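Remarks on the structure that follows.
A short reminder: the numbers here are calculations on the coordinates, not readings from a lab. Everything numeric here is computed off the predicted structure, so don't read it as measured data. For neighbour counting, all protein chains shown are included, and Cβ atoms are generated from backbone atoms with ideal geometry for every residue, glycine included.
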Amino acid sequence: MTWSLPLGSVAGIRLQVHFTFLALLAWMVVKGWRQGDLSGVPFFLGLFACVLLHELGHAMMAKRFGIVTSDITLLPIGGVARLERMPEDPRQELWVALAGPAVNVGIAALLFAVLGGQLPPAEKLGAGSLLERLLLANITLFLFNLLPAFPMDGGRVLRALLATRMPYTRATQIAATVGQVMAVLFGFVGFFANPLLIFIALFVWIGAAQEASMAQMKSALGGIPVRAAMLTDFQVLNSGNGLDRAVDLILAGSQMDFPVLDGDTVVGVLTRDDLLQALARKQDMAVGAIMRTDIVTVEANEMLARALERRPETACRTMPVQQGGRLVGLLTMDNVGEFLAIQAARGAGQTSPRFSSNSR
């Protein structure tokens, strides 16, 4: 994730902290220093350590099903674990979704034992000892995350349970609708009681809409290979080319990002934004010096839905497509959008001749 700093790694999973998290921590330290009370800082760090363990719970369970987690990022609103893909088996998704809240239950149970089996009253959440506050915070995290609304874990639990009895897309639509109804209720209550609930309502509404949209796209792309939607008329650059060559290609056509080759091997992608930044700095260098190397390459015969799930692994908008180790196309969201529009215009169930033919 952009603007994130590395914290290390656990079991091959990169741990990162977003700069906004550090900004919030700095603000809390300054505020506590001025008020002569820094007790909120240890609680804040302890709470987000629990959030990190929660996300690691998801990642470790996903790993059991062969799903890789590329990184976990700490944000002021919580943690985000980037899974390579979501489980296709509803039962696997159920276990992955429940693993995070289960970690919070485990932490709460451990703290409960350390505190001698005494559960502090709810009003001590902001005034009790550090361990008491963390105990109640983990109980709150458990209950909040199990609300049946995306993007909370409860939304995925609901979808997984529904998907055992109906198609995945339909299950997602129902779970998203339930989440948006909850968002409306949160917003209504927040308007009269607590403005924070209005922020949560927006968060839940957007999360539900995004999840439904992703499920619909995945359904629409089911069974379609990358070669059906890839861009086949494109220009390439050599790592030794100067920036003027890239400028000429941009002005000559509509292509914005260019795969960079070293011989026949794809070594990077030069994006329009990176080119403009280099030109603004008046830097005269080879393309290889400013190209992006953290790219994702896909195979022409790979399923399109699977390839798009891998796209968040990089900030680059364009994925080079290879076949037999040779560059044969580019995959961009613009081209995928055009492909879907053409498919819709042709009518449901009509097969496109581009992906019914044999692979190149």
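Test M291 against the criterion of being of a type in the set (A, V, I, L, M, F, W, C), surrounded by fewer than 17 Cβ atoms within 10 Å (Cβ to Cβ) and more than 14 Å from M319 (Cβ to Cβ), and give yes or no.
No; evaluated as a whole, the condition is false for this residue.
For the structure I just gave you, tell me whether D244 is in a helix (DSSP H, G or I) and under 25 Å from the mean Cα position of the chain (by Cα).
no
Can you pull out every residue in the range 239-286 that is surrounded by 15 or more Cβ atoms within 10 Å (Cβ to Cβ) and polar (S, T, N, Q)?
S239, N241, Q255, T271
Consider A149 carefully, then state whether it is without any contact (Cβ under 8 Å) to a residue 12 or more places away in the chain and closer than 22 Å to V51 by Cβ.
no
Is it the case that the range 130-142 has a residue that's outside any helix (DSSP H, G or I), surrounded by fewer than 21 Cβ atoms within 10 Å (Cβ to Cβ) and over 21 Å from the mean Cα position of the chain (by Cα)?
no
Of the residues A278, A289, A252, A229, which is farther than 30 Å from G179 by Cα, under 24 Å from the mean Cα position of the chain (by Cα) and small (G, A, S)?
Among A278, A289, A252, A229, only A229 is farther than 30 Å from G179 by Cα, under 24 Å from the mean Cα position of the chain (by Cα) and small (G, A, S).
Residues in the range 106-115: is at least one under 25 Å from P6 (Cβ atoms), β-branched (V, I, T) and part of a helix (DSSP H, G or I)?
Scanning the range 106-115, I find at least one residue that is under 25 Å from P6 (Cβ atoms), β-branched (V, I, T) and part of a helix (DSSP H, G or I), so the answer is yes.
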